[in-house]
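What follows is a set of notes on a single structure, which appears directly below.
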Amino acid sequence: MNARNIAIAALSAVVIAALLAAPYALKSYGLYILSLWAVTTIGAIGLNLTLGYAGQISLAQGAFVGIGAYCTAILTTKYGYPLPFTYLVAFVSCFSIGWVLGYPALRVEHHYLAFVTLAFTTLVYLIFRNEEWLTGGVSGIGGIPRPVMFGYSLRAPAEFYYFCLANLAAISLAFWGLIRSPWGRAFVAVRENPVRALSLGVDTRRYTLIAFALGAGLGGISGVLLAQLVQFIDPSPFSLTASLNLLLMVVVGGSGYFFGPFVGAIVAVLLPEWLRFSGGLYLICYAILVMVLMAFCPTGLIGLAGRFLKPVSKPAPVPAREQTT
Amino acid sequence: MSALLSVRDLRKSFGGIVAVDGVSFEVHDGEILGIIGPNGSGKSTLFNCILGQLQPSQGEVRFEGQDITGMRPCDLNRRGVSRTFQLLQIFPQLSVRENLILAGQEHQGTMTTRLFGPRDAGLASAAEKMIDFFRLRHLADELASSLSYGQQKLLDAAMAFMSGPRLVLLDEPAGGVNLTMLESLRERLRAINAEQRATFIVIEHNMEFVMALCTRIVVLAEGRIIAQGDPASVRADEKVIEAYLGH
Ligand SMILES: Nc1ncnc2c1ncn2[C@@H]1O[C@H](COP(=O)(O)OP(=O)(O)O)[C@@H](O)[C@H]1O
Ligand SMILES: [Mg+2]
């Protein structure tokens, strides 16, 4: 174990301890914000898979969070289905839609893919807003329940906060396993050099679709939790802004790094609360941070931290690519 | 004796340019076939058409008797045809060992075992062997981007062998490689040909390298085969001398 790994392990231990101790120090609003951080991180982890590992841009993650949230809201309040069932429905729907939405990624250039996903996000938003018979339109859906486990209600802020943390922990572990498996290696290969990957037997088409679908599925899970957290949903949090925010989180945190989404969500969810006293100044700072970061450290905050932890880093030469079409 | 690979009347044009103009040849088991020709004579295009990177405009490619014309490169690779590209193609962000495992992993198990099974896809020992075979031991855990150009070329070639292919197409493996590295590359290729009974097609600019390595040579000029035969007879062929001196 080298110094870098020790530093990471120590920092993680401190952060985990602080997260577990938070209910003893924070009031319900503080716990609400921390829960929101955990929920948002899950959505950002999904996008990190699509964008950071498999290299496919998506402006649709906010829409998938919305689909997950509406699945939960509709199924629990209108039809009385239990929460675990809504997890399944949200994940399967988002996975399938993500798979289909991934097809353009196989044919079009990156910036066109941004347009395709952007159009999708707009479409989903319009459905949330206009299909009142299903979604309640702008008046939204209220009374979304929180989970009951083994007869024990997780309604209270502290209990529900732990529930969100547990979800985040489980998903992080699964994601860790995924990116360290041969699948994770194949995702990176598809991102770095699809032509060579293809010639080595990597079915780039299949892995791209999987990355899209799994990323969307995690967006759906994030939405399921979000609906339980806020207990009332309307279309406004699922506009294009939400997708752009998630994209910024992944990029600012460090896309393609395991911890990137965690850090990105801190910047996007916690920092505004801490800097509340500054009024509108926060948004200006955020905008400047994004610009400076992208200009000087496109690998995000995690990449920046990595530079300090590993002072002798050689610049990676840009791989040469064969023209083949 | 039936051919391992047979190419019949292959043609590829880009708009007005005819890059490959009706090429036919066969490769037999265990051979090392060299393809030489001046720059722009269509060698790389020929490879790309055989390997499905490009759709040929016309013609047929058969591997082990089956029609593989225009098959997707990943499917072709899983059937046992592997390649390197003219320009270096490694994964700079992965270590040498990871590059090698990646190069073989899609040949192991199923999608499920690649998700839930071991991280090395059961290729750890094969990768170690390849690392030793190509003498990259001291670099095994380094990022591929930190290797010298020649070492990256060796890694690039090594990756093509990780899946235990029957046929390997190498596009200018010696390009830009220094003399000592060149020697070691040629010797490694010969050894792998003998040990694994792998069949090669090698595009090469470096005449010395081709003459010393190959058992048979095909000469391309302006998309057509102008000569073929064993190294000595090709070297003496007037049309070949003219094609080379003419450029
Ligand atoms: N993708 C392409 N589009 C248009 N022309 C191409 C393309 N690839 C190759 N060519 C042309 O085809 C001819 C053969 O090129 P190439 O196969 O790379 O030759 P070689 O590998 O023998 O040097 C050249 O005239 C080249 O300009
Ligand atoms: Mg060439």
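The values are calculated or read from the model by the stated rules, or taken from the named source; none is laboratory data. What you are looking at is a predicted structure, and each value in this text was computed from that prediction instead of being measured. Note that we place each Cβ from the backbone using ideal geometry, even for glycine, and neighbour counts take in every protein chain shown. All accessible areas refer to the heavy atoms of the entire protein, side chains included, with ligands and DNA or RNA removed. Shrake-Rupley method; radii C 1.70, N 1.55, O 1.52, S 1.80 Å.
Applying the condition of being open to solvent by 30 Å² or more (accessible area, probe 1.4 Å) and near ligand 1 (Cβ under 9 Å from one of its atoms) to the range B:17-43 and asking which residue is nearest to B:C214 (Cα to Cα) yields B:N39. Number of residues in the range B:20-57 that are closer than 19 Å to B:G229 by Cβ, within 15 Å of the chain's Cα centre (by Cα) and either within 13 Å of ligand 2 (Cβ to nearest atom) or part of a helix (DSSP H, G or I) (or both): the value is 4.
Candidates are the residues of the range B:167-176 that are out of contact with any Leu (no Cβ under 7 Å at 6 or more places or on another chain) and on the phi < 0 side of the Ramachandran plot; the one that is surrounded by the fewest Cβ atoms within 10 Å (Cβ to Cβ) is B:G175. Only residues that are touching a residue at least 12 places away in the same chain (Cβ under 8 Å) and among the hydroxyl-bearing types (S, T, Y) were counted across the range A:179-207, and they come to 2. Looking only at the range B:177-209, how many residues end up being within 16 Å of ligand 2 (Cβ to nearest atom) and buried (at least 17 other Cβ atoms within 10 Å of the Cβ)? Of the residues in that region, 7 qualify. Of everything in the range B:82-102 that is touching a residue at least 40 places away in the same chain (Cβ under 8 Å), of a type in the set (A, V, I, L, M, F, W, C) and within 18 Å of B:F47 (Cα to Cα), the residue that is farthest from ligand 2 (Cβ to nearest atom) is B:L88. Annotation: A:G30 fulfils all but one of (1) open to solvent by 50 Å² or more (accessible area, probe 1.4 Å); (2) closer than 23 Å to A:I144 by Cβ; the unmet one is (1). Restricting to the range B:153-166, name every residue that is open to solvent by 20 Å² or more (accessible area, probe 1.4 Å) and either assigned to a helix (DSSP H, G or I) or over 25 Å from B:C74 (Cβ atoms) (or both). Residues satisfying the conditions do not exist here.
Only one entry in B:L46, B:L51, B:L10 is under 21 Å from B:V81 (Cβ atoms), touching a helix residue (DSSP H, G or I) at 6+ places or on another chain (Cβ under 7 Å), within 13 Å of ligand 1 (Cβ to nearest atom) and at pLDDT 95 or above, namely B:L10.
Restricted to the range B:132-145, and to residues there that are open to solvent by less than 40 Å² (accessible area, probe 1.4 Å), of a type outside the set (A, V, I, L, M) and touching a helix residue (DSSP H, G or I) at 6+ places or on another chain (Cβ under 8 Å), the residue that is farthest from the other protein chains (Cβ to nearest Cβ) is B:F133. The condition (being modelled with pLDDT under 95 and assigned to a helix (DSSP H, G or I)) is satisfied by just one residue among B:L88, B:L115: B:L115. All of A:L246, A:L209 fail the test of being aliphatic (A, V, I, L, M) and more than 14 Å from chain B (Cβ to nearest Cβ), apart from A:L246. Of all the criteria given as (1) in contact with a Phe, Trp or Tyr (Cβ under 8 Å, 6 or more places away or on another chain); (2) in contact (Cβ under 8 Å) with a residue 60 or more places away in the chain, the one not satisfied by A:Y103 is (1).
Against the numbered list (1) more than 12 Å from chain A (Cβ to nearest Cβ); (2) touching a residue at least 24 places away in the same chain (Cβ under 8 Å), B:M159 comes up short only at (1). A count restricted to the range B:210-229 and to residues that are within 16 Å of ligand 1 (Cβ to nearest atom), open to solvent by less than 50 Å² (accessible area, probe 1.4 Å) and not aliphatic (A, V, I, L, M) stands at 1.
Testing A:A169 on (1) open to solvent by 20 Å² or more (accessible area, probe 1.4 Å); (2) touching a residue at least 24 places away in the same chain (Cβ under 8 Å); (3) assigned to a helix (DSSP H, G or I); (4) away from chain B (no Cβ under 14 Å), one condition comes back false. Which one is that? Here A:A169 clears every test but (2). Looking across the range B:115-127 at every residue that is facing chain A (nearest Cβ under 7 Å) and closer than 21 Å to A:Y257 by Cα, the one that is least open to solvent (accessible area, probe 1.4 Å) is identified as B:L115. Here no strands (runs of 3 or more DSSP E) wholly within the range B:173-247 include at least 3 residues being acidic (D, E) and modelled with pLDDT of 90 or more. The set of residues in the range B:54-74 that are farther than 18 Å from B:D9 by Cβ and either buried (at least 20 other Cβ atoms within 10 Å of the Cβ) or at the interface with chain A (Cβ under 8 Å from one of its Cβ atoms) (or both) comprises B:R72, B:P73, B:C74. Highlighted here are the helices (runs of 4 or more DSSP H) found entirely within the range A:24-138 that include at least 2 residues which are in contact with a strand residue (DSSP E or B) (Cβ under 6 Å, 6 or more places away or on another chain): A:61-77.
Filter the range B:70-122 down to the residues that are under 16 Å from A:R185 (Cβ atoms), within 19 Å of the chain's Cα centre (by Cα) and among the aliphatic types (A, V, I, L, M) and list them by number. Those that are under 16 Å from A:R185 (Cβ atoms), within 19 Å of the chain's Cα centre (by Cα) and among the aliphatic types (A, V, I, L, M): B:I90, B:L100, B:I101, B:L102, B:A103. Restricted to the range B:102-112, and to residues that are within 7 Å of another protein chain (Cβ to nearest Cβ) and outside any loop (DSSP other than H, G, I, E, B), which residue is nearest to B:Q53 (Cα to Cα)? Among those residues, the one meeting the criterion is B:A103.
On inspection, B:V81 does not qualify as buried (at least 23 other Cβ atoms within 10 Å of the Cβ) and more than 12 Å from chain A (Cβ to nearest Cβ). Beta carbons closer than 8 Å, at least 6 apart along the sequence or on distinct chains, never pair a first residue in the range B:26-53 that is at positive phi with a second that is within 9 Å of ligand 2 (Cβ to nearest atom) and modelled with pLDDT under 90.
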